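Below: one structure, written as structure tokens.
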There are 2 protein chains.
Amino acid sequence: MHKRKTLQDVALAAGVSKMTASRALRGDKDVSQRSIMRVQKAAREIGYVGNHLASSLAGKATDLIGVVLPNLENIVFSHVLNGITETLYGTGLQPVCGITEYDPEREYEVVRNMLSWRPTGLIVTGLEFPADTAKLLVEADIPVVQIMDTDGDPIGGCVGFSHHQVGFDMAQALVQSGRKRIGYIGCGLGQDNRAQKRFDGFLAGLQQADVRLVAQRQDPGFSSIATGRRLTQALWQDHPDLDCIYYSNDDLAAGGYHYFNDLQVAIPDQVGLVGCNGLDFISGVPGRIGTTRTPRHEIGEAAVRMILQAVASGAPLAPIKQELRPEIDLGLIATQPPATPDP
Amino acid sequence: MHKRKTLQDVALAAGVSKMTASRALRGDKDVSQRSIMRVQKAAREIGYVGNHLASSLAGKATDLIGVVLPNLENIVFSHVLNGITETLYGTGLQPVCGITEYDPEREYEVVRNMLSWRPTGLIVTGLEFPADTAKLLVEADIPVVQIMDTDGDPIGGCVGFSHHQVGFDMAQALVQSGRKRIGYIGCGLGQDNRAQKRFDGFLAGLQQADVRLVAQRQDPGFSSIATGRRLTQALWQDHPDLDCIYYSNDDLAAGGYHYFNDLQVAIPDQVGLVGCNGLDFISGVPGRIGTTRTPRHEIGEAAVRMILQAVASGAPLAPIKQELRPEIDLGLIATQPPATPDP
DNA sequence: ACTGGTATCGAAACCGGTATCGGTACCATG
DNA sequence: CATGGTACCGATACCGGTTTCGATACCAGT
């Protein structure tokens with residue numbers, strides 16, 4: 001268990017000072033070509049790896065961008081993270097991500113922990129935070145970007161879309177396409193206030209169109225295809241007269257699709273199904289399930305760009321919202337009126 | 001833009017020395033209750049956050065566990081990461097993950113970068129590495145665990161399953177259930193050598209049963225439901241006599257399912273579909289698609305346990321394989337012989 | 001020969017914590 | 001009263017790099 005090689009070892013092997021070795025490896029000025037060669041050779045030979053802890057401590061900043069997400073099993077956040085990673089690639093910055101599981105206490109810990117690594121920027125999910133967490137973010141003294149949601153007042157930068165609007169627009173679109181007996185199925189509303197916002201918006205949209213929500217079923221757990229199937233069955237058994245079901249998520253809608261498929265209920269002729277997020281599943285059954293395609297990758301991209309810009313300009317990030325418009329895709333629902341038109 | 005608070009500031013505010021403040025905040029011995037109170041109060045009041053860079057540099061080790069994964073859009077790796085995160089939660093250790101996109105060069109960079117943070121342990125995906133990357137891992141001087149694959153010789157710890165075996169077993173199971181005209185559909189074989197291993201194993205399994213693979217279709221890109229649908233269509237048009245299709249992935253199988261569903265081809269009566277990984281989708285169409293349920297969460301868990309044990313014992317991690325057996329689920333294929341039995 | 005500029009290098013201070021070790025203060029004991 | 005043990009505290013030396021600043025060598029210009 002030999003000790004790790006340090007810059008000193010490299011310098012020694014190269015026959016130069018620690019300083020010259022440092023400069024040579026970083027491609028700094030004021031080093032002769034000869035020294036650069038010798039140092040690089042020495043570093044390679046003794047297998048020098050470098051110590052980010054030391055260099056970041058000595059330098060002013062790290063090359064870290066903190067990313068705080070509620071969950072990674074939800075593919076939506078994977079996509080965001082991917083957008084972030086891709087955009088960061090080549091900038092010399094590196095994402096490091098923390099998971100909160102929608103738990104505020106864990107969130108506080110994660111944010112605090114992120115900050116203790118002195119990242120160059122921070123990307124967090126959502127707009128609402130408990131007071132102590134908000135305090136951390138406000139005093140962080142680095143660019144902070146809040147993503148996924150624009151229904152509220154951001155602390156720093158903000159990239160996302162209005163979930164209320166998404167719900168509202170979908171309600172209007174459905175009503176306009178002729179659906180009138182609409183049900184709702186949702187998941188994780190207690191934890192995920194963005195799903196709640198969509199639902200609220202949806203209700204508001206229905207109300208404005210003078211349509212009442214016929215019924216709803218909710219489940220406190222994470223959304224999944226299996227849960228969607230179960231809830232759909234529960235809802236349908238009580239309300240077989242529905243001509244449309246709005247799901248808080250595409251996973252759930254997929255579960256509903258399978259259920260009706262096995263039941264030989266025509267989709268979307270008899271019942272229209274709409275979810276949210278435009279997940280991969282939808283493209284497997286083209287036109288059959290409506291959805292709202294949300295710009296997840298783009299959100300990650302835009303968030304990074306905000307941070308990069310703030311870093312470049314040196315100025316702190318002013319509270320600015322960047323709204324990315326999601327796109328409603330009703331699929332066949334848009335062209336096929338429900339089988340049983342209302343009187 | 002006030003400077004960040006340091007431990008010195010806390011000490012000053014609390015009227016003690018830097019050392020006492022340090023001890024108080026970490027819950028070290030040799031501090032009076034009175035000092036602890038004052039320091040904690042001071043820290044809270046001035047909003048002290050701590051500096052992991054400094055503490056990790058000064059102490060011997062960080063609380064980081066590096067995790068190197070090829071991709072996060074593939075839900076399989078999200079599940080692994082989740083298992084890791086969950087198991088690490090409460091241990092004081094923290095995962096930090098790097099993405100390679102199946103690119104060896106990027107992989108080298110990621111591993112090197114991970115190591116430069118002096119993590120306490122490292123979890124990497126796969127068994128095969130280019131020489132330079134392998135050298136880094138061998139000389140890392142920390143517990144290294146390789147996951148997902150056991151078909152080969154590990155550098156340190158190793159948790160996963162044999163992909164060759166998974167393919168082999170599935171071939172045998174399919175033949176035994178009466179399927180004889182079998183096709184294959186796969187994705188990303190160039191990059192993902194684990195999918196390749198499954199395919200090789202599958203071919204070996206067929207051969208042993210004296211069954212020939214009728215046809216195959218492959219795509220170099222990432223697997224997705226849409227791709228599965230497309231490849232299935234391509235394969236089916238040329239070979240409508242198949243009674244079974246093996247997919248390298250559940251995503252692809254799901255695409256095939258949708259295709260046949262729209263075509264009104266009975267599943268699994270006329271064509272049996274089997275994928276791999278036991279993803280969420282399968283549970284939405286119970287029994288209809290066969291799969292191999294792979295223990296992703298468990299792999300993450302076991303990998304962490306290996307590292308924790310190595311850290312606790314202080315000994316380096318000997319090359320040991322831990323094999324987790326995946327479980328084949330043929331669903332209805334197991335009980336329903338193909339509609340057109342062979343002559 | 002002297003001055004000034006450029007290229008190259010290294011010693012020392014420092015980043016913000018922790019490990020180590022040597023002091024006090026205070027009390028109990030013989 | 002001398003001794004020793006315990007509880008608590010702080011000065012100092014690091015950890016492994018980078019920043020800063022001054023030193024040296026060498027060459028051109030005058």
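The values are calculated or read from the model by the stated rules, or taken from the named source; none is laboratory data. Owing to the predicted nature of the structure, the values given are computational and were not obtained by experimental measurement. Positions of Cβ are backbone-derived with ideal geometry, glycine not excepted, and every protein chain shown enters the neighbour counts.
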Quick one: A:Ile282 ticks every box in (1) within 22 Å of B:Glu73 (Cβ to Cβ); (2) touching a strand residue (DSSP E or B) at 6+ places or on another chain (Cβ under 9 Å); (3) surrounded by fewer than 24 Cβ atoms within 10 Å (Cβ to Cβ) bar one, so which box is it? (3)
Here is a check on your reading of the model: is B:Pro326 touching a residue at least 60 places away in the same chain (Cβ under 8 Å), away from chain A (no Cβ under 14 Å) and more than 25 Å from A:Gln264 (Cβ to Cβ)? yes
Residue by residue through the stretch B:319-343, note down the ones that are of a type in the set (Gly, Ala, Ser) and modelled with pLDDT of 85 or more. B:Gly331, B:Ala334
Is there any pair linking a residue in the stretch A:154-179 that is more than 20 Å from A:Val80 (Cα to Cα) and hydroxyl-bearing (Ser, Thr, Tyr) to one that is at pLDDT below 95 and not in a helix (DSSP H, G or I), with Cβ under 8 Å and at least six apart or on different chains, and which? A:Ser177/A:Pro337
Return the total of residues in the stretch A:57-76 being in a helix (DSSP H, G or I) and either more than 7 Å from every other protein chain (Cβ to nearest Cβ) or more than 16 Å from DNA strand C (Cβ to nearest atom) (or both). 3
Note on the stretch A:116-143: residues away from chain B (no Cβ under 13 Å) and assigned to a loop (DSSP other than H, G, I, E, B) are A:Gly126, A:Leu127, A:Glu128, A:Phe129, A:Pro130
Test B:Gly98 against the stated conditions and say whether it is away from DNA strand D (no atom under 16 Å from the Cβ) and either in contact (Cβ under 8 Å) with a residue 60 or more places away in the chain or closer than 30 Å to A:Gly300 by Cα (or both). yes
For the stretch A:65-87, how many residues meet the condition of being modelled with pLDDT of 95 or more and either outside the structural domain of A:Pro119 (by TED's automatic domain parsing) or in contact with a Pro (Cβ under 6 Å, 6 or more places away or on another chain) (or both)? 4
Count of residues meeting criterion [away from chain A (no Cβ under 11 Å) and touching a strand residue (DSSP E or B) at 6+ places or on another chain (Cβ under 8 Å)] in the stretch B:77-115: 2
Residues (surrounded by fewer than 21 Cβ atoms within 10 Å (Cβ to Cβ), in contact with an Asp or Glu (Cβ under 8 Å, 6 or more places away or on another chain) and closer than 27 Å to B:Met114 by Cβ) located in the stretch A:96-119: A:Tyr108
In this structure, is A:Phe202 buried (at least 17 other Cβ atoms within 10 Å of the Cβ) and within 30 Å of the chain's Cα centre (by Cα)? yes
Among the residues of the stretch A:1-55, write down those that are polar (S, T, N, Q) and out of contact with any Leu (no Cβ under 8 Å at 6 or more places or on another chain). A:Thr6, A:Gln8, A:Ser17, A:Thr20, A:Ser32, A:Gln33, A:Ser35, A:Ser55
What's the total number of residues in the stretch A:180-217 that are small (Gly, Ala, Ser) and touching a residue at least 40 places away in the same chain (Cβ under 8 Å)? 5
Here are some conditions: (1) touching a helix residue (DSSP H, G or I) at 6+ places or on another chain (Cβ under 7 Å); (2) within 30 Å of B:Asn249 (Cβ to Cβ). B:Ser56 meets all but one. Which one does it not meet? (2)
Residues located in the stretch B:191-241, provided they are touching a Leu at 6+ places or on another chain (Cβ under 9 Å), at pLDDT below 95 and among the hydrophobic types (A, V, I, L, M, F, W, C): B:Ala195, B:Ile225
Scanning the stretch A:31-56 for residues that are within 9 Å of another protein chain (Cβ to nearest Cβ), within 9 Å of DNA strand C (Cβ to nearest atom) and buried (at least 19 other Cβ atoms within 10 Å of the Cβ) gives A:Leu53, A:Ser56
Among the residues that make up the stretch A:161-171, is at least one of them farther than 23 Å from A:Tyr257 by Cα, surrounded by fewer than 21 Cβ atoms within 10 Å (Cβ to Cβ) and more than 23 Å from the chain's Cα centre (by Cα)? no
Condition first: of a type in the set (Gly, Ala, Ser) and in contact with a Pro (Cβ under 8 Å, 6 or more places away or on another chain). Now tell me which residues in the stretch B:156-185 satisfy that. B:Gly156, B:Gly157, B:Ser177, B:Gly178
Which of the residues belonging to the stretch B:303-320 are among the hydrophobic types (A, V, I, L, M, F, W, C) and surrounded by fewer than 20 Cβ atoms within 10 Å (Cβ to Cβ)? B:Leu308, B:Val311, B:Ala312, B:Ala315, B:Ala318, B:Ile320
Name the one entry in B:Leu53, B:Leu25, B:Leu12, B:Leu81 that is assigned to a helix (DSSP H, G or I) and within 9 Å of DNA strand D (Cβ to nearest atom). B:Leu53
Based on what the data block shows, is B:Lys41 touching a helix residue (DSSP H, G or I) at 6+ places or on another chain (Cβ under 8 Å) and more than 12 Å from DNA strand D (Cβ to nearest atom)? yes
Quick one: count up the residues across the stretch B:191-239 that are away from every other protein chain (no Cβ under 14 Å) and assigned to a loop (DSSP other than H, G, I, E, B). 8
Failed item, numbered, when A:Gly59 is tested on (1) within 30 Å of A:Gly314 (Cβ to Cβ); (2) more than 7 Å from DNA strand D (Cβ to nearest atom): (2)
Just one of (1) in contact (Cβ under 8 Å) with a residue 40 or more places away in the chain; (2) part of a loop (DSSP other than H, G, I, E, B); (3) within 14 Å of another protein chain (Cβ to nearest Cβ) trips up A:Leu242, so point out which. (3)
Please verify whether the stretch B:9-25 includes one or more residues that are within 11 Å of DNA strand C (Cβ to nearest atom) and within 30 Å of B:Ile299 (Cβ to Cβ). no
Name the pairs whose Cβ atoms lie under 6 Å apart, with the first residue in the stretch B:45-73 and without any contact (Cβ under 8 Å) to a residue 24 or more places away in the chain and within 24 Å of B:Arg118 (Cβ to Cβ), the second surrounded by fewer than 21 Cβ atoms within 10 Å (Cβ to Cβ) and among the small types (Gly, Ala, Ser), and 6 or more positions between them or separate chains? B:His52/A:Ser116; B:Leu57/A:Ala54
Residue match in the stretch B:299-310 (condition: farther than 21 Å from B:Gly201 by Cβ, assigned to a loop (DSSP other than H, G, I, E, B) and under 26 Å from the mean Cα position of the chain (by Cα)): no
